[in-house]
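All of the numbers you see were taken from the coordinates with simple rules; none came from a lab. Predicted model, so just to flag it, every value in this text is computed and none were measured. Cβ placement follows ideal geometry from the backbone for every residue including glycine, while neighbour counts extend to all protein chains displayed.
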Amino acid sequence: MAIGSAGCAARPPAVERLMAKLTAARRKALPAGKFAGPNRSYPVPDKSHAANAKARASHAVSAGSMSSSTKAKIDAKANRVLGKGKR
């Protein structure tokens, strides 16, 4: 992975295009039911955001900053958006 000007690893261009753009204004306008996590965290308005929420939650559990039960709730909500779970 390339290193960006800020010294951080830069995302490959293909990764940037996978997730739909969610501006601050659009995020603010989302109803509470479009968030998978507590306190309006992990927005899941579409499939790309739902898949990303699952990945971020898995990483947070691995890092020790999220409980398994919170991850399970995020996964369940994301799965409904992805069409993999109960409606």
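Among rounded, prolate and oblate, which fits the range 21-82 when a ≥ b ≥ c are the square roots of the eigenvalues of its C-alpha gyration tensor, a/c under 1.5 means rounded, and a/b larger than b/c means prolate?
Prolate, because a/c is 1.5 or more and a/b exceeds b/c.
For Phe35, what residues show an amide H to amide H distance below 5 Å, using hydrogens built from the backbone and excluding near sequence neighbours?
Val44
Under a Cβ-Cβ cut-off of 13 Å, what is the net charge of the residues other than Lys47 that fall near it, where Lys and Arg count +1 and Asp and Glu count -1?
That works out to +4.
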